[in-house]
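Step one of this worksheet: look at the structure below.
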Amino acid sequence: MIGTIFDIKEMAVHDGPGIRTTVFFKGCPLRCIWCHNPEGLVAQPQLMFKEARCTGCRRCFVQCNHPDCRKFGRCIHVCPQNCLEVAGRTVEAGKLASELKASADILGDTFGGFTFSGGEPLAQPEFLLSLIEELKPHHLCIETSGYTDPDTFGRVIEKLDYIIMDIKLADSEKHQKYTGVGNELILKNFSILKNSSKPYLIRTPLIPDITDTEENLAAIKEIIGGSPWEKLPYNVAAGAKYKMLGMKFKMEGK
Amino acid sequence: MTKTYNFILEKKHHQFRHSVDWNLAEEYAEKGLSPIQRMADRFERLCKEEKAVILEGEQIVFLRTVSNLPAIFTDAEWEEIKAGHHIHELGFLSNLSPNYYDTIATGLLKKRETADEYGKQAIDNIIALSDKYLAEARAQGREDLVEVLTQVPRYPARNFREALQFFRILHFALWLEGNYHNTVGRFDRYIYPYLKADMDKGIYTYDSALALLEDFFLSFNKDSDIYVGVQQGDNGQSMMLGGIDEEGNDVYNLLSELCLKASCNNKMIDPKINLRVSKSTPADRYTEATKLTKAGLGFPQYSNDDVVIPALEAMGYDHVDATNYTVAACWEFIVPNVGADVANISAMSYPKAVDTALHKSLSTAETYEDFFAAVEGEIKAECDRICSGIKDLWFIPSPFMNVLMDCNIYEGGKYNNFGIHGTGIATAADSLAAIKKYVFEEKSLTAAELIAAVDSNFENTPELLHKLRFETPKLGNNDDFVDGIATALLDAFGAALKGRVNCRGGIFRAGTGSAMYYLWHANEIGASPDGRREKEPFGTNYSVSLFAKVKGPVSVIASMTKQHFENAMNGGPLTLEFHQSVFADEDGIEKVGLLVKNFIDRGGHQLQLNTVNLEKMLDAQKNPDAYKQLVVRIWGWSAYFVELDREYQDHVIARQAYTV
């Protein structure tokens, strides 16, 4: 089973118990205007241009014969500053798993487990499920928007040890406005999660005037009841990567 | 913080300083005084010139009021001495760990009985200076200080406060005598009994003991701006905590804990905190230590008893001495009291050995093994050159340092080994990985092409530069292909020094440190086959290359713990840089502690962690006045960022930082 990821982070300390390794899946059905991982939004590999390092030598515009450069119209193997990088790598689940297991071997007793993040890991459910099989019996955790069909959601969480799920906005219309989708599926999946025996954590990113309003937080509280809940402070500097991808950060200046 | 703290922080104590313009060298030359007579006389004059200054509320006194040490030799005399001897750095004794503790327990009057005539003279002068402080304490009505200074330094310390004050006087005197990189040694081991006795008597609470210790720690920072090494901060005031004693008992105690805390609270660059740990160190101690890492001072630096002690024993150190090891100014392993090792006498550049072999032997080497043998040959040749160049080592005799050592330091000590740093191992390993892969395995590059590209600084081969720099295996990714090359290089360096006897009858110890050579050696060669352009620096100490793309700290640890450190145990840490955000909560702190534990459990030898904040450093370059207290770690010492030269600032900025 082949999937697309955009990063692997060793020693993730905020993504679940113990020293963990986090895999970032590429592609997400949501378009949260505050997203700080824009390279996780579209499923296809993308060219990232780190303009700050560019000296203007224009060597990347000289035609080359590398097959992987063709679709970008620029040579990615010539920049002395490494300004051009491709975000997104397609990889077979078994191969990825053996790469990932290296960190478990190194850390031994101090290893906590693996976390699937993104992007939206549930957007590649079959790839995720085969990766889960390969990585068992390690402690496995997901960070998800919860936006997927309930059948997939149920099938996946059943295999996991810890679920971190966002509830960003309680009002579906606002959810549609700021994330591109309504929250019906998410709330439905939340009830599946709540009724499962799995340990979980609900997260809400605190976006000024959008999610971080008294009304929204009270409404979320109403929905999740006594569920464990973490509110994440937001850093506007997170917008830096948009420019590298030629994308527009809708929160710019906010 | 106390009034004294703010006074020192704002450098108001500088008002008490003055410099002297004595032409001692001419006078001594005319009188025909011997070097030791000159040292004894200068010390006497300086003690007389020093004024007693007691700041309001200050607990631990002694402040340098004379800011310079006039030369004792004329230029011509010094040239003559240098022509006949190997002079190490400034020529004064440095990087020793003297026996403060025996003196604190016996008093200077007792030490005087066995001292030579110059030692007696030095002791008399210190007591006279101390009496000036005593008189000032009386004048200020400071009864507490009167009591302390009536007892020490003449007589043994009777309690924690007297022990701290006594230490301060001895350490102050060593600096005033002209010795430098005066280390602190295993402070918690020897001072703890005084604290314990006072705690048992109920004299201190945890908090009041901590407050006193903070005042003591502050004393290391009062004069440190005049103890300048290569840069300000490079002053060697290293303190060792924890570790085992000769029976294998864990030394770590309440004082160790208080020291971590005092350093964390003071947030000053001295003393430099080191912590000895081992497989049996409990996980929560790493958490406590990581709280200090979070403070951003670059402390503590960890040394692994499981690895260091057996290696020292294998080099010929007695079991008792090996278990008692501490560090010199930065990270070089030395033995207190009896050791006279010169742990930083020179440095060998791995990338230079590779560069020489590249130009001399690559075109004729048939296999990678042939080529590596040529590199080994260059390492050996460089060691030949370094070792044969060190003859007739001579130090300016320091009578008071001699009093504090348990050996006749003029003759050398029980151990007289010379340490040689090894610079740029990652640059060399990465270069060899590129050569092995492209020239010998894939045969996609000829020797001539690679040499031409390196010699032209990759001007005409941008694609090759990109490939070498960003798409070739690098040390730090848990890749045996490169990691094994680093192992072979370290082994080669150890083997090249093995069996050699130095001019004092000791051995040569191979090391994993770089000191300032990461900049100096980098300028000795041009570009290198790892895609490093000319003038780009190497990584510091035992670290990965500055531009190597690594998977993360876990893989770096795996790569850097595979080597056979028993062959190269002069010291020099792996450095990891973490962004401040990693330490945002207790959970992050505990996890960094676990990572350190993992490094130690895997058999790593020495580790140093930095908390960095790139945004702050960049802003500090623009607005230095707003960041006077921003501390960064350089190679074996920490410094105030804004006081560093630009090239050192830029290197710190270029280092890898791991965020979460």
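The values are calculated or read from the model by the stated rules, or taken from the named source; none is laboratory data. Just so it is clear, the model here is predicted, and its values are computed rather than measured. For neighbour counting, all protein chains shown are included, and Cβ atoms are generated from backbone atoms with ideal geometry for every residue, glycine included.
Within region B:586-605, residues that are at the interface with chain A (Cβ under 8 Å from one of its Cβ atoms) and part of a helix (DSSP H, G or I) sit with their Cβ atoms under 9 Å from residues that are of a type in the set (D, E, K, R) and surrounded by 24 or more Cβ atoms within 10 Å (Cβ to Cβ), at 6+ positions apart or across chains, in these pairs: B:LYS591/A:ARG20.
For region B:252-287, a residue qualifies if it is touching a strand residue (DSSP E or B) at 6+ places or on another chain (Cβ under 6 Å) and farther than 22 Å from B:GLY636 by Cα, and exactly one does: B:TYR252.
Looking at B:PHE167, B:PHE160, just one residue is buried (at least 24 other Cβ atoms within 10 Å of the Cβ), in the same structural domain as B:CYS47 (by TED's automatic domain parsing), over 12 Å from B:TYR101 (Cα atoms) and in contact with a helix residue (DSSP H, G or I) (Cβ under 8 Å, 6 or more places away or on another chain), and that residue is B:PHE160. Within region B:105-131, the set of residues being of a type in the set (Lys, Arg) and crowded, with 17+ Cβ neighbours inside 10 Å comprises B:LYS111, B:ARG112, B:LYS120. There is no residue in region B:143-154 that is outside any loop (DSSP other than H, G, I, E, B), closer than 25 Å to B:TYR252 by Cα and of a type outside the set (Asp, Glu). Of the residues A:ILE8, A:ILE33, the single one that is touching a residue at least 40 places away in the same chain (Cβ under 8 Å), of a type in the set (Val, Ile, Thr) and either part of a loop (DSSP other than H, G, I, E, B) or farther than 29 Å from B:LYS591 by Cβ (or both) is A:ILE33. Out of the residues in region A:1-19 that are more than 9 Å from chain B (Cβ to nearest Cβ) and aliphatic (A, V, I, L, M), which is surrounded by the most Cβ atoms within 10 Å (Cβ to Cβ)? Only one residue fits best here, namely A:ILE5. A single member of A:LEU122, A:LEU135 is away from chain B (no Cβ under 14 Å) and under 17 Å from A:ILE192 (Cβ atoms), and it is A:LEU122. For region A:36-55, the set of residues classified as modelled with pLDDT under 90, over 30 Å from A:TRP229 (Cβ atoms) and in a loop (DSSP other than H, G, I, E, B) consists of A:LYS50, A:CYS54, A:THR55, listed by residue number. Each residue in region B:566-585 was checked for being part of a helix (DSSP H, G or I) and either within 10 Å of chain A (Cβ to nearest Cβ) or within 22 Å of the chain's Cα centre (by Cα) (or both), and 5 of them qualify. Report every pair of residues separated by at least 6 positions or lying on different chains whose Cβ atoms are under 7 Å apart, first residue within region B:9-32 and not assigned by TED's automatic domain parsing to the domain that holds B:SER224, second in a helix (DSSP H, G or I) and among the charged types (D, E, K, R). Pairs found: B:VAL20/B:GLU49; B:LEU24/B:ARG42; B:TYR28/B:ARG38; B:ALA29/B:GLU77.
Being assigned to a loop (DSSP other than H, G, I, E, B), among the small types (Gly, Ala, Ser), within 11 Å of another protein chain (Cβ to nearest Cβ) and buried (at least 16 other Cβ atoms within 10 Å of the Cβ): is that true of A:GLY27 here? So A:GLY27 fails the test. Taken over region B:50-76, the criterion of being more than 31 Å from the chain's Cα centre (by Cα) and not in a loop (DSSP other than H, G, I, E, B) is satisfied by B:ALA76 alone. How about region B:452-472: which of its residues are assigned to a helix (DSSP H, G or I), closer than 19 Å to B:LEU358 by Cα and either touching a helix residue (DSSP H, G or I) at 6+ places or on another chain (Cβ under 6 Å) or facing chain A (nearest Cβ under 10 Å) (or both)? Once the filter is applied, which keeps residues that are assigned to a helix (DSSP H, G or I), closer than 19 Å to B:LEU358 by Cα and either touching a helix residue (DSSP H, G or I) at 6+ places or on another chain (Cβ under 6 Å) or facing chain A (nearest Cβ under 10 Å) (or both), region B:452-472 yields B:ALA453, B:LEU464, B:LEU465, B:LYS467, B:LEU468, B:ARG469. Scanning region A:63-75 for residues that are more than 9 Å from chain B (Cβ to nearest Cβ) and either touching a Ser or Thr at 6+ places or on another chain (Cβ under 6 Å) or in a loop (DSSP other than H, G, I, E, B) (or both) yields a total of 8. The residue of region B:203-235 that is farthest from B:VAL631 (Cα to Cα), among those that are free of Cβ contacts under 8 Å to residues at least 40 places away in the same chain and β-branched (Val, Ile, Thr), is B:THR205.
You will find that of B:LEU475, B:LEU432, B:LEU489, the residue that is surrounded by 15 or more Cβ atoms within 10 Å (Cβ to Cβ), within 31 Å of the chain's Cα centre (by Cα) and in a loop (DSSP other than H, G, I, E, B) is B:LEU475 and no other. The residues of region A:87-110 that are part of a helix (DSSP H, G or I), out of contact with any helix residue (DSSP H, G or I) (no Cβ under 6 Å at 6 or more places or on another chain) and more than 14 Å from every other protein chain (Cβ to nearest Cβ) amount to a single one, A:LYS95. Entry remark, region B:125-152: residues being under 16 Å from B:GLU177 (Cα atoms) and out of contact with any helix residue (DSSP H, G or I) (no Cβ under 8 Å at 6 or more places or on another chain) number 0 in total.
Considering region A:134-151, the residues that are assigned to a helix (DSSP H, G or I) and in contact (Cβ under 8 Å) with a residue 24 or more places away in the chain include one that is farthest from A:SER117 (Cα to Cα), namely A:PRO150.
Against the numbered list (1) in a helix (DSSP H, G or I); (2) within 33 Å of the chain's Cα centre (by Cα); (3) farther than 18 Å from B:TYR192 by Cβ, B:ALA135 comes up short only at (2). Reported count of residues in region B:532-544, each being among the small types (Gly, Ala, Ser) and in contact with a strand residue (DSSP E or B) (Cβ under 7 Å, 6 or more places away or on another chain), is 1.
Of everything in region A:34-62 that is out of contact with any strand residue (DSSP E or B) (no Cβ under 8 Å at 6 or more places or on another chain) and within 25 Å of A:ILE2 (Cα to Cα), the residue that is farthest from the other protein chains (Cβ to nearest Cβ) is A:VAL42. Return yes when B:LYS549 is surrounded by fewer than 19 Cβ atoms within 10 Å (Cβ to Cβ), over 25 Å from the mean Cα position of the chain (by Cα) and within 13 Å of chain A (Cβ to nearest Cβ) and no when it is not. Taking the combined requirement at face value, the residue satisfies it. Of the helices (runs of 4 or more DSSP H) that lie entirely inside region A:152-243, those containing 1 or more residues that are more than 21 Å from A:PRO29 (Cβ to Cβ), in contact (Cβ under 8 Å) with a residue 24 or more places away in the chain and not basic (Lys, Arg) span A:214-224. Look at region B:305-320: where a residue is within 15 Å of B:ILE600 (Cβ to Cβ) and a partner is in a loop (DSSP other than H, G, I, E, B) and of a type in the set (S, T, N, Q), sitting 6+ places away or on another chain with Cβ atoms under 8 Å, you get B:ASP305/B:SER278; B:ASP306/B:SER278. Taken as a whole, the condition of being over 28 Å from the mean Cα position of the chain (by Cα) and under 28 Å from B:MET199 (Cα atoms) applies to B:GLY141.
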